Amino acid sequence: MGSLEVWSLIKQGWRRKPEQEDKVRRLISNLPYEDLRRKYQPNRQYANNSIKTTKYTVWSFIPMNLFEQFHRFANVYFVVIAMLNFVPIVNAFEPGVALIPICVILILTAIKDAWEDFRRYQADKQLNNMPCSIYSRKEKDFVSKCWKDVRVGDFVKVVCNEVIPADILLLHSSDPNGVCHIETANLDGETNLKQRQIVRGFAAPDGSFQPEYFSSIIYCEKPSNNLNRFKGYLDKPDKKKIGFGKENLLLRGCTVRNTDEAAGIVVYAGHETKAMLNNKGPRYKRSKLERKVNTDVLFCVALLFIMCLIGALGYFIWLETFPDIPPFVPPDSNNNYISPALSGFYMFFTMVILLQVLIPISLYVSIELIKVGQIFFITNDIDLYDEETDSRIQCRALNITEDLGQIKYIFSDKTGTLTENKMVFRRCSVMGIEYCHRENGDHCNGSASFMDFFLALAICNTVVVSTAMLPRQFRFPNFGGNPDKHNENIQCLNSQLRCRLQSLLKRMGSLSHIVNSFQSIPEKSSKSRSSLKDVKEEEAEDYSDSGSNNPSRRNSSASHHSEEERGTVSDPNGLCYEAESPDEAALVYAAKAYGFTLLARAPDRVTVRLPQGAVLSFEVLDTLAFDSTRKRMSVVVRHPITREVVIYTKGADSAIMELLDCHGRSNKRKKIASKTQRHLDLYASAGLRTLCIAKKVLSEQAYDDWASIRQEAESTIDNREELLMETAVHLETNLTLLGATGIEDRLQDDVPATIAALREAGIQVWVLTGDKNETAVNIAYSCRLFNQGDMVFTLNTDSRSILDCTLGEVRRYTAPSQSWSFQSIVGAVMPTESTGPTFGLVIEGRTLSMVFEAHLQMKLLELARHCRSVLCCRVTPLQKSAVVKLVRNKLKVMTLSIGDGANDVNMIQTADIGIGISGQEGMQAVMASDFAITHFKHLKKLLLVHGHWCYSRLAKMVIYFFYKNVMYVNLLFWYQFYCGFSGTAMIDYWLMIFFNLFFTSTPPIMFGIMDRDISAETLLGLPELYKTGQNSEFYKRATFWIVMLDAFYQSLVCFFIPYWTYQGSDIDIFTFGTPMNTVSLFTILLHLAIEIKSWTAIHWGFMVGSVLLYFIVALIFSAICINCNPPSNPYWIMENQMADPVFYLVCIITTVVALLPRYIIRVLQGTLALSPLVQARKLDRLSTEARDQQIKNWKSQRSPSEVPTNLVSPVDSFSNSFEQSFYNSSLEREMPDMQWDSNEETQNTFSKGHRRSISTMTV
Amino acid sequence: MKNQGTTNRPDNTAFDQQRLPAWQPVLSAGIVIPGFLLVGLAFIGIGVALFVTSRSIQVLENDYTGTGSSVHCSECVNPKTTPCTCQLNFSLSALFQGPVFLYYGLSNYFQNVRGYGSLRRPSSSCAPYQYDQNTTIAPCGSVANSMFNDTFTLYQLVNATRKTVPLDGKGIAWWTDYNIKFRNPPEVDGSLAAAFNGTVKPVNWPKPVYDLDPTNPANNGFLNQDFLVWMRTAALPDFWKLYRRITEGEYASGLPAGNYTLEIQYNYPVANFAGRKSVIFSNTSWMGGKNQFLGIAYLVTGSLCVVMSAVMLIVYAKFNSPDEDF
């Protein structure tokens, strides 16, 4: 490149600066400017790759941290008070000393912030200094540099298993097909490989890459956090534009796999990369408890105001009582006396300073510390740890732990949350024949369709094949068998297919412990039986590997798991399939099980081995990717033998069925379609996920026409998505139905038990799913969301008026239930399970939007409140969050949303607590969540145990904190009546400050972190204990005032017993105050001791330590403080007091009298055991067996009908019901024209039992 | 970025899993009955001891304000009659057990007012009694300025002659006040007065600080016992302050029965704050001065505990579920 050219480019770069405001980012190669100063760099305005996630620098730490801390109201209050100390007229004691508490609090918080920031700094430093290869023009090669040196416009090379340093536009790959595989686990948690392609036209024929010759200008969009959106184009010097998209982008943080090396130009670096933009820090929410605390703090402020007012008035009146100026009323320093009214006014502020501790400022710091401790324990819970992913529970929101104990409504996603999102191929329907049905008999004449069907399964996907040779962490030791062995046994494709299908299904059935309907069918031809045995051996492996090769597969039971590990190892072909959606993988594995093995996939070629052993290689002409609007995907291939252009389409039945080529010749196709539809309905009602497979053969001409339009669409930059979609829709018409598949999404472990426990805990569980009605209802039954005996209302209508009446009508049915729900509010214990029928509500997304449009929300809620469960199907993400918002705002309850996918993000963010399941569908849900868990079942312990603990601990601690401050401050207040309301304290101010700061601060914090009122086992055994938290029983308005009363009582006792003891003696002020201080220390600590429910060594340590600390500090302080507080000072007073027996006598009696009422009430509560909590605590004292027995008795007492003896395994009932419904419906309905959704009228399906009898009520 | 090498598994320790062995007391009637009973009985015991001790302490208090109900020293109420000496006669029918302490009492005197003396910022603790016409006041401050200055002399009337009862003014202040906290300026040429050169007496004082006790040169300056006693801020507005002890000679074992006269130098005005002055003779026990309250409080609380234990017994009998075993 000549220097002239360089110069023009520099000018270009110079001129380009204002373009920053544009919507696009324009960048060019850095290489021509390599050694120029930064000023001349063309891409200098873009962020470089060094990242800084720290909030502060060494220099800015103090001002910035202070600034942030003063954003808190509490701290501002404290500082204002501290300032007030310096106003001379207020006559404060030692202003410097008054600063100590606020300084300690600020310093503590600052240390915490600094430590967190330092950890971030270290992480940043580590990242910034990771090595990478950047192309250097001088060296004519890639040189090793650090991540932080990467700039936009640099050419960077990454090798296999290396982490990508920035967002790179892929221009070169060592792969001959120009692809590069990346693993995005770091970014979104998905462990399957994603394929990325080099930008079109950059495939170098000789496989070398020469960045010097890159002279195009890149236009791409501005940095955004959307991982799935990226588009732009290259402006070549010859004015040709080449479009590119997200499939050409390597994302920072991902790992290169299966590709030796790849290179490209950096488009986004550092903070502008998608990974960093997605990485938002922890979120701050305010918990319900904290909101309550804030109102009570306001009550304290009011109390303080009243007390100060009394003080001011008292001072005024006191001054007025004297006939003359007494010698002890001090004039100001100029020997003037100010008027009593003005003195009274000043006294108000003096009082504010004296009594400031009434506002529990340190409460906020304490709460924060406690939450840190609570989160430590939650994240350290081994029961919430998942072995397989090696992940603990993540607490992303740091300050809402106690909300976990107050949840009333749970909104759950279905797929991936209740279910594993781990698909198992269960059934299929080919050409209108439900596969395992006996009547279907011989189907040899359908072979072509079968061929197509399975080819479609194998081809129509975006599954990536990785093999043993490629560097992936899987191990493939020798496998004894010959992979082709079984092929020799095959005479007829059809019979083999049949055998394989049977054995496969059987295998699946036994594997998942499902009594498959297959076994109950006595048919088996002798021929297939004979060949069954040896095939079965193979299939066993085939299947088990098909299940487990998916690396993200999880299983809870360890033994089960190890078994499946062996399955992985024994893969005969060394093939691994990595799919973007688990459905796809399931289908490919299924196809493979029938012999249609997907061998390789390249962008333009897909290779399949047929059962006969022949290998077909299809040229892939185009892939129309899946999107949620079309609900389908298609692959356009050229058949290697017939050279036909074939489109294979796979998608949701609703999406495919409409596109079928129905108007046409044969009645046969219609028949097949309706039969298939019937099968689909059956699958759905059995809880299977359905997909339709269709195909279309395209003429060469038609394809060419379409391809050119497509080409055009691809290279546009504006509204490209719409154009692409249009072209796709254009192509996917007049399809021929090949068949349908039913894939089972297994329930996660312990989901029914978890839901049952949650419900017992008084939590309403709603399921919001995008799935179709039948699938959702069946999952609801199998996870015991609905019970067999429940009445289930299904609301499904488009009409507003009908909906309105129906809601009213249906409510009549629930009317009897109203009475008992009223009872339960009144306080009868647990009538829900035992009395009357229970109700379930199923509502469709369409109906739901009608509810919102027609303002029928309250009616719906009214109805929903009487229902045991509500199931919303076919809802959009927005509707999900609308439902959550509705319940949250209208019912004023605490809500929790749990989900795993991007479609749950809205509802997760709307609810009071959002929980993400780090599952198969990426990390978006987790990113948005407050807590991230790995399994739904963890919710049980998280809520019932940790929720209860966190809530009860924090609530009790907060209450205690209020008590503590009021009690202590009141001592000073009572003294005001004996010192002329002059704001004197009878306790030395150092000891006063230390009292709150050191002597009594750690026990409540320890209490808030560690107290365990009821053991985890009992909490899990008796979920109804959770209700105490739901009803905020530990911290009600009344609780606050009761504890205030107690504080007043105790402070009166602590003041007046010493007062009367020392009244009329020659006692001096601090000698008088010392026993009060000591007594209040004992009272305050022993008050806590009454509240502490379990005493561990740590509890003892803190309590005894606090007392010791008090005495040690007081003794030392009294011994050294000769001139602290003249003229009367604390010197030697503690020592004197401790030598006086009366001191001890006063301490003992005062403490006893002060605590007697509370103690007696606690004893009576403990004896009468009215509250379930006390009963549960008694259970805790028993041995394990006795406790379990008691828990059983307890449960049977409470809900006699709910004895778990007749519990059928949900899976069994599931398969039985499938069977039953299958036969029932096939007998009952002949060719049903089943359009579930198109009914214009409302269906109120009262389903008793598992659709044993279906009656329809028409309104 | 995740650390692939190390496992993320939480430690399975009792602490991390919140399974530390714990004592989980359940408060219930059954367990507290003996506790209440024991505490109650112990309190009653202590109460009786305190009560009896307190009963044995003799206190003789005489108000000599001269106004209101008090008849003594009414002639001195008028502030113009200065100096004014008045007499207070009393008789003891029995021996007043020694050692006897003589206190003066002030009521409605708020020595604990903030700004008066205590809890005032040190820098300004003396204002406005720091300078008198630009000369430093010693001792400065309003407390010192308003020092109580009535004096008492006690006579026993033996056969119509007045016999002086020796009053011991040594060691009435706190040992720490006398030995550590307060210090006289170093004497100049063996003279304390010279040490206070350049200072003036407080406005209300008749005598300078180095001349407080003419009888005992060692009892002067800042180390004057009466001054030290006064400087120790009283906790409550009605307070006593120790004036003298009667420990010497024949009175060491107490004041024998007989008639006594207390001669009072009535100097200190109390009218401007509606206060009262009194003089108190008292003896002490191991628990200090006379105090009925503590004994009664113990007795009442003790009885309450015993009653509670009875109540708890009833509750226990009525509500105890059979499956509880303690």
Self-check item: Electrostatic dipole magnitude of the range A:653-745 [Cβ: Lys, Arg +1; Asp, Glu -1; Cα centre; debye, to 20]
Solution: 940 debye
Practice problem: Please give every one of the lysines within straight-line cross-link reach of A:LYS145, meaning a C-alpha to C-alpha distance under 21 Å, and leave out same-chain neighbours fewer than 8 residues apart. | Solution: A:LYS52, A:LYS125, A:LYS157
Quiz item: Can you work out D for the range A:1074-1182 in µm² s⁻¹ from Stokes-Einstein, where Rh is the Kirkwood radius over C-alpha pairs, the temperature is 20 °C and the viscosity is 1.002 mPa s?
Solution: 131 µm²/s
Exercise. Once you have all Cα-Cα distances for the range B:242-294, histogram them in 5 Å bins from zero and send the whole-percent values.
Key: 4, 11, 17, 22, 17, 15, 10, 3, 0
Quiz item: Over the Cα atoms of the range A:16-87, what Rg and Dmax result, in angstrom?
Solution: 22.4, 67
Self-check item: Rg followed by Dmax, in Å, when the range B:14-99 is reduced to its Cα trace
Solution: 29.2, 83
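Taking Cα pairs under 8 Å and at least six residues apart, what relative contact order does the range B:89-190 come out at, in percent?
Taking the mean separation of contacting Cα pairs over the length of the range B:89-190, I get 12 percent.
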Self-check item: Dipole of the range B:214-284, positive end: most advanced residue of B:TYR243, B:GLY275, B:ASN219 [Cβ charges, Cα centre]
Solution: B:GLY275
Self-check item: Inter-chain shielding of B:268-277 (mean C-beta neighbours from other protein chains, 10 Å cut-off)
Solution: 3
Quiz item: If you place +1 on the Cβ of every Lys and Arg, -1 on the Cβ of every Asp and Glu, and leave all else neutral, what size is the dipole of chain B about its Cα centre, to the nearest 20 Debye?
Solution: 460 debye
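Strictly greater than 22 Å: what percent of every Cα pair in the range B:212-313 meets that?
Values: 2991 of 5151 pairs.
Everything past 22 Å amounts to 58 percent.
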Quiz item: Which order do peptides A:68-74, B:135-141 fall in by mean Cβ count within 10 Å, highest first?
Solution: B:135-141, A:68-74
Self-check item: Computed [θ] at 222 nm, helices only, for chain B once each DSSP H run of length n ≥ 4 contributes -39500 (n - 2.57)
Solution: -7000 deg cm²/dmol
Practice problem: Would you work out if chain B is rounded, prolate or oblate? Take a ≥ b ≥ c from the square roots of the eigenvalues of the alpha-carbon gyration tensor; rounded if a/c is under 1.5, else prolate when a/b is larger than b/c, oblate otherwise. | Solution: oblate
Quiz item: Using the 10 angstrom Cβ neighbour count as an exposure proxy, how do A:GLU774, B:GLU75 rank, fewest first?
Solution: B:GLU75, A:GLU774
Self-check item: Neighbour-count order for B:TRP240, B:TRP174, fewest beta carbons within 10 angstrom listed first
Solution: B:TRP174, B:TRP240
Practice problem: Could you grab the relative contact order for chain B? Cα pairs under 8 Å, six or more apart, rounded to a whole percent. | Solution: 38 percent
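When Cβ neighbours within 10 Å are restricted to other protein chains, what is their mean count per residue of peptide A:1021-1028?
What the average comes to for A:1021-1028 is 0.
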Practice problem: Quick one: compute the contact order of the range A:696-794, relative version, from alpha carbon pairs under 8 angstrom and 6+ residues apart, as a percent. | Solution: 21 percent
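Across peptide B:299-312, how many C-beta atoms of other chains are within 10 Å of each residue C-beta, on average?
That works out to 2 on average.
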Quiz prompt | Angle in degrees between helix B:292-319 and the longest Cα principal axis of chain B, rounded to the nearest 10 | solution = 10 degrees
Quiz item: Angle between the Cα long axis of helix B:29-56 and the longest principal axis of chain B, 0 to 90 degrees, nearest 10?
Solution: 10 degrees
Quiz item: With a 10 Å Cβ neighbour count serving as the proxy for reagent exposure, in which order, fewest first, do A:LYS1192, A:LYS292, A:LYS422 appear?
Solution: A:LYS1192, A:LYS292, A:LYS422
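Values quoted throughout were computed directly from the atomic coordinates according to the rules given, and no laboratory measurement underlies them. Please read all numbers here as calculations on a predicted model, not as lab measurements. Heads up, the Cβs are rebuilt from the backbone with ideal geometry, glycines too, and the neighbour counts pull from every protein chain shown.
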